[in-house]
1. For a test of understanding, tell me how many lysine pairs in the chain have Cα atoms under 18 Å apart, given they are 8 or more places apart or on different chains.
2. Divide by every residue of the chain the summed helix terms, -39500 (n - 2.57) for each DSSP H run of at least 4, and state the resulting mean residue ellipticity at 222 nm, rounded to the nearest 500 deg cm²/dmol.
3. List the residues whose amide H sits under 5 Å from the amide H of residue 45, counting only those 5 or more places along or on another chain, with H placed 1.01 Å from N in the peptide plane.
4. Would you please put 16-27, 84-95 in order of how densely packed they are, using the mean number of other Cβ atoms within 10 angstrom per residue and starting with the highest?
5. Hey, what do the phi angles of segment 22-34 turn into as Karplus ³J(HN,Hα) couplings, whole Hz, using 6.51/-1.76/1.60 and θ = phi - 60°, x for Gly and Pro?
6. Pop out the ³J(HN,Hα) list for segment 56-66 in order, Karplus 6.51 cos²θ - 1.76 cosθ + 1.60 with θ = phi - 60°, rounded to Hz; leave Gly and Pro as x.
7. Hey, got the dipole for the chain? About the Cα centre, +1 on K and R Cβ, -1 on D and E Cβ, debye to the nearest 20?
8. Compute the length gained on full extension between residue 88 and residue 10: take 0.36 nm times their separation in residues and subtract their Cα-Cα distance, giving the result in nm to one decimal.
Amino acid sequence: GRAPAMGTTSVVLYTSSMCAMMKQKADISKTRQLLQAKKVDFTELDVASDAQARQAMASASGRKTLPQVHVNGKDIGDSDAIQEMEDFGELDAVLRGETPQPPPVAAD
């Protein structure tokens, strides 16, 4: 594929239509709903039927667990990590391909 034009961010959601585990199914639909709620323009790839996508996903992230969200080809984490970013208000920046400002570190 060709590289996206400047100013556009590519967001890919990797899912599987063949997952047997309930938790994985739930994580996939939760992550999909979150992206839809963000009104983010994303491509969903079903790695169950697309070996090339599965390979690209695994080589980019080094893991095979689903779902995965890749922004500009970089894995941003599993569904729990993504939910955490949302809770901290960082997800919008991440989905735009920006680095969110880290929260202030509490002194212990």
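The values are calculated or read from the model by the stated rules, or taken from the named source; none is laboratory data. Owing to the predicted nature of the structure, the values given are computational and were not obtained by experimental measurement. All Cβ positions, glycine included, derive from the backbone under ideal geometry; neighbour counts span all protein chains shown. For the accessible areas, the whole protein counts, side chains as well, though only heavy atoms, and no ligand, DNA or RNA atoms are used. Shrake-Rupley method; radii C 1.70, N 1.55, O 1.52, S 1.80 Å.
1. Values: 23/64; 25/64; 30/38; 30/39; 64/74.
Within the chain, the lysine pair count is 5.
2. Numbers: 4 runs with 41 residues, N = 108.
Using -39500 (n - 2.57) per qualifying helix, the result is -11000 deg cm²/dmol.
3. Amide H neighbours of residue 45, under 5 Å, 5+ apart: 13, 14, 15.
4. Result, highest mean first: 84-95, 16-27.
5. 4, 4, 5, 4, 5, 4, 4, 6, 5, 5, 4, 5, 5
6. Whole-Hz 3J(HN,Hα) from phi for segment 56-66: 4, 4, 5, 6, 6, 10, x, 9, 10, 5, 10.
7. Numbers: 12 positive and 15 negative charges, 91 e Å.
Dipole magnitude for the chain comes out near 440 debye.
8. Values: separation 78, 0.36 × 78 = 28.08 nm, distance 2.22 nm.
Stretched fully, the residue 88-residue 10 segment lengthens by 25.9 nm.
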